[in-house]
């Protein structure tokens with residue numbers, strides 16, 4: 001594997017230029033810049049809201065300084081509340097080239113697009129001239145998610161992804177699994193894998209928080225389709241999703257935009273703090289993928305049964321198709337056919353190994369199906385992740 | 001000659017196995033030295049008991065409890081909403097309720 005060395009010690013397996021809006025009003029300009037730079041590996045991300053958001057600010061800083069990112073073109077309208085100067089400083093502190101265009105100062109849409117286009121093209125030349133350095137699997141951060149699940153997800157794709165995770169963890173890499181709302185019913189099983197007694201309690205309380213939050217949202221996490229597919233209880237459904245985490249000991253819990261301290265296995269707690277304020281924790285699979293990437297994920301394993309097609313901005317998404325019928329129907333969108341396990345044509349270990357090898361190949365010139373198809377989905381909404389700090393209340 | 005059911009036994013501790021394909025009633029299933037007959041038409045992904053499970057015992061899948069047996073379950077019997085109860089949220093079979 002080879003990667004691009006970043007100043008914080010991390011290495012990137014991509015050298016992408018982000019074209020990022022700091023309010024929805026600047027989104028179109030970013031889209032046009034990237035369309036005009038089709039061969040420049042430039043991608044659009046951004047925060048749509050005009051109202052202040054500490055979470056949105058942290059997420060944008062984490063994403064713009066992600067190891068797969070080489071340079072950032074920021075586009076502001078000019079009057080939004082986003083603290084764009086703070087973001088520029090955060091990016092500059094990592095040594096990455098950053099350029100801020102404010103549409104209201106640049107002379108409007110056409111002038112802003114032209115300026116952004118010129119900057120991206122100039123930066124691409126600089127980035128392409130940068131040398132790569134050797135990279136080992138232990139330096140990888142890998143996330144995992146399942147979506148468009150069916151009865152096969154928990155039988156083939158998820159446990160196979162878990163095998164790949166176990167191998168990465170054994171080699172010193174960092175692996176992140178998620179969706180505490182879909183772990184309800186396996187918290188006590190999961191707690192037995194905690195590295196420390198304190199973490200044991202924290203794992204249980206994190207899932208309990210998710211159960212309370214989803215209950216308040218009126219979210220029913222078990223559908224008739226699940227039962228038709230053979231799932232009988234919420235525990236069973238959760239365990240199927242939980243299988244993605246593999247069998248390694250769990251080293252900690254991370255929050256969106258937070259980098260795991262060291263190698264090992266981590267749970268990403270995506271559920272907001274406090275009573276529901278901005279709606280569902282994550283409105284779709286892409287919001288979760290972006291949060292995994294905000295924690296530094298170089299690549300994300302996406303296990304699907306019914307057949308998701310999404311990729312992502314910033315990091316490649318490796319599609320593991322759990323259902324052989326779905327694979328036959330949508331092979332172009334899939335990287336791994338885990339459904340072979342049901343046909344008896346492959347074992348969990350063999351598919352786990354294929355997932356592992358394909359992730360390693362991403363650092364050696366390999367690409368995913370979703371990258372080849374041009375998928376660069378991105379979603380970032382409002383969320384409250386500020387934890388109440390016990391013992392820090394000031395006396396009146 | 002009865003068809004042979006393809007089973008996935010996901011964990012050594014499990015008292016259920018999962019059907020790897022759609023299976024007709026009467027199919028014969030074998031797991032290790034145990035042999036039994038599938039008693040209902042079942043789709044891929046559904047569970048059957050691989051030995052008798054007494055009422056109240058944990059149903060184990062992935063080596064972990066997914067609820068408890070609501071009644072005595074015979075080997076080869078379908079394990080689903082009618083005889084498996086969650087220790088968390090009770091799931092109603094909406095299709096059964098509607099008929």
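The values are calculated or read from the model by the stated rules, or taken from the named source; none is laboratory data. Because the structure is a prediction, the values reported are computed rather than measured. Note that we place each Cβ from the backbone using ideal geometry, even for glycine, and neighbour counts take in every protein chain shown.
Brief remarks on what is shown
- Every residue from the range B:48-62 that is more than 10 Å from chain A (Cβ to nearest Cβ) and part of a loop (DSSP other than H, G, I, E, B): B:50, B:51, B:52, B:54, B:55, B:56, B:57
- With respect to the conditions (1) farther than 30 Å from residue A:64 by Cβ; (2) buried (at least 20 other Cβ atoms within 10 Å of the Cβ), residue A:201 falls short on a single one, namely (2).
- Matching residues in the range A:93-126 - criterion: being at negative phi, touching a residue at least 60 places away in the same chain (Cβ under 8 Å) and surrounded by fewer than 17 Cβ atoms within 10 Å (Cβ to Cβ): A:109, A:121
- Qualifying residue in the range A:53-72 (condition: surrounded by fewer than 22 Cβ atoms within 10 Å (Cβ to Cβ) and without any contact (Cβ under 8 Å) to a residue 24 or more places away in the chain): no
- From the list A:182, A:178, A:171, the lone residue that is more than 14 Å from chain B (Cβ to nearest Cβ), touching a residue at least 24 places away in the same chain (Cβ under 8 Å) and surrounded by fewer than 24 Cβ atoms within 10 Å (Cβ to Cβ) is A:171.
- Meets criteria (in contact (Cβ under 8 Å) with a residue 60 or more places away in the chain and outside the structural domain of residue A:55 (by TED's automatic domain parsing)) for residue A:144: yes
- Matching entry among B:79, B:28 (being surrounded by 13 or more Cβ atoms within 10 Å (Cβ to Cβ), facing chain A (nearest Cβ under 9 Å) and touching a strand residue (DSSP E or B) at 6+ places or on another chain (Cβ under 6 Å)): B:79
- Some residue of the range B:89-99 being closer than 24 Å to residue A:191 by Cα, at the interface with chain A (Cβ under 10 Å from one of its Cβ atoms), out of contact with any strand residue (DSSP E or B) (no Cβ under 7 Å at 6 or more places or on another chain) and at pLDDT below 95: yes
- Residue tally, condition within 14 Å of another protein chain (Cβ to nearest Cβ) and farther than 21 Å from residue A:284 by Cβ, over the range A:185-210: 12
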